[in-house]
Amino acid sequence: AQTVTQSQPEMSVQEAETVTLSCTYDTSESDYYLFWYKQPPSRQMILVIRQEAYKQQNATENRFSVNFQKAAKSFSLKISDSQLGDAAMYFCAWTSNTGNQFYFGTGTSLTVIP
Amino acid sequence: DAGVIQSPRHEVTEMGQEVTLRCKPISGHDYLFWYRQTMMRGLELLIYFNNNVPIDDSGMPEDRFSAKMPNASFSTLKIQPSEPRDSAVYFCASSLLPGLDGTGELFFGEGSRLTVL
């Protein structure tokens, strides 16, 4: 069975600093997709970034980037120049290339300190 | 597209009452998922549909829960009778098979917050 593990229930970062959120997963499949979702207090789930497993290049979206280590089954999220609006719960998620199952981690609550 | 639309946004009901949550997925999406989120258990997959057909309902907690998708643009999650432990935020999400649009992304509705007194 696929599992997604986020070992950091809570993290904090100073405004304008950089923070890295960890995620590991377990799968026997070779082709899959990984995602980071953000859930602010409004509770809306918002896609932050996605990574296709067949791509070796790490995905980047403005201040958000990932460190995808396929062999280690690790998918961390780096937030640079943290802003107050980045404060939220962050979920790591995995889906196969058939898209019929999404597995979510338990989330990391990020606090941004002014 | 307006995104995934859920109703109601908030529902407060008394134990024993029937609750119906509604979802309109993004047009053209062939997968629809129902999730439940609580502080204690996080995000739990309840059931998902592919092309309106229920594929996996192993996450449905018990017979009090039922879900239907009568057509590609509408799904319901019903709880009858409701209990206080059903209080949670219920999310509907839809997606398109990866490769067809290349993303595999799950698009979420804004959720329905259910409180059972």
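The values are calculated or read from the model by the stated rules, or taken from the named source; none is laboratory data. What you see is a predicted model; the values in this text were computed from it and never measured. So basically every Cβ, Gly included, is an ideal-geometry build from the backbone, and we count neighbours across all protein chains shown.
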In segment B:23-50, the residues that are touching a strand residue (DSSP E or B) at 6+ places or on another chain (Cβ under 6 Å) and within 18 Å of B:SER87 (Cβ to Cβ): B:TRP34, B:TYR35, B:ARG36, B:GLN37, B:THR38, B:LEU43, B:GLU44, B:LEU46
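Scan segment B:75-85 and tell me whether some residue there is within 13 Å of B:LEU21 (Cα to Cα), in a loop (DSSP other than H, G, I, E, B) and modelled with pLDDT of 90 or more. Before you say what the answer is, go through the steps one by one.
Taking segment B:75-85 as the starting set, the residues that turn out to be within 13 Å of B:LEU21 (Cα to Cα) are B:75-80, B:82.
Pick out the ones that are also in a loop (DSSP other than H, G, I, E, B) and you get B:80, B:82.
Imposing the further condition that a residue be modelled with pLDDT of 90 or more reduces the set to B:80, B:82.
Yes, that holds for at least one residue.
Of the residues in segment A:22-35, how many are touching a Lys or Arg at 6+ places or on another chain (Cβ under 8 Å) and either in a strand (DSSP E or B) or at pLDDT 95 or above (or both)? So that I can check it myself, show each step before the final result.
Of all residues in segment A:22-35, those touching a Lys or Arg at 6+ places or on another chain (Cβ under 8 Å) come to A:24-27, A:33-35.
If we keep only those that are either in a strand (DSSP E or B) or at pLDDT 95 or above (or both) too, we end up with A:24-26, A:33-35.
Qualifying residue count for the region: 6.
How many residues are assigned to a loop (DSSP other than H, G, I, E, B), more than 23 Å from A:ILE113 (Cβ to Cβ), in contact (Cβ under 8 Å) with a residue 40 or more places away in the chain and within 15 Å of the chain's Cα centre (by Cα) when one looks only at segment A:43-95?
Taking segment A:43-95 and keeping what is assigned to a loop (DSSP other than H, G, I, E, B), we get A:43-45, A:53-59, A:62-63, A:70-73, A:80-83, A:87.
Add one more test, that the residue is more than 23 Å from A:ILE113 (Cβ to Cβ), and what stays is A:44-45, A:53-59, A:70-73.
Right, trim to in contact (Cβ under 8 Å) with a residue 40 or more places away in the chain and you get A:45, A:72-73.
Filter once more, keeping what is within 15 Å of the chain's Cα centre (by Cα): A:45, A:73.
Selection size over segment A:43-95: 2.
Could you identify the single residue in B:LEU32, B:LEU45 that is in contact (Cβ under 8 Å) with a residue 60 or more places away in the chain, within 14 Å of chain A (Cβ to nearest Cβ), in a strand (DSSP E or B) and out of contact with any helix residue (DSSP H, G or I) (no Cβ under 8 Å at 6 or more places or on another chain)?
Numbers: B:LEU45 fails: in contact (Cβ under 8 Å) with a residue 60 or more places away in the chain.
None of the others qualify; the one that does is B:LEU32.
Can you find a residue in segment A:107-114 that is within 28 Å of B:ASP30 (Cα to Cα), within 14 Å of chain B (Cβ to nearest Cβ) and crowded, with 22+ Cβ neighbours inside 10 Å?
No, every residue in segment A:107-114 fails to be within 28 Å of B:ASP30 (Cα to Cα), within 14 Å of chain B (Cβ to nearest Cβ) and crowded, with 22+ Cβ neighbours inside 10 Å.
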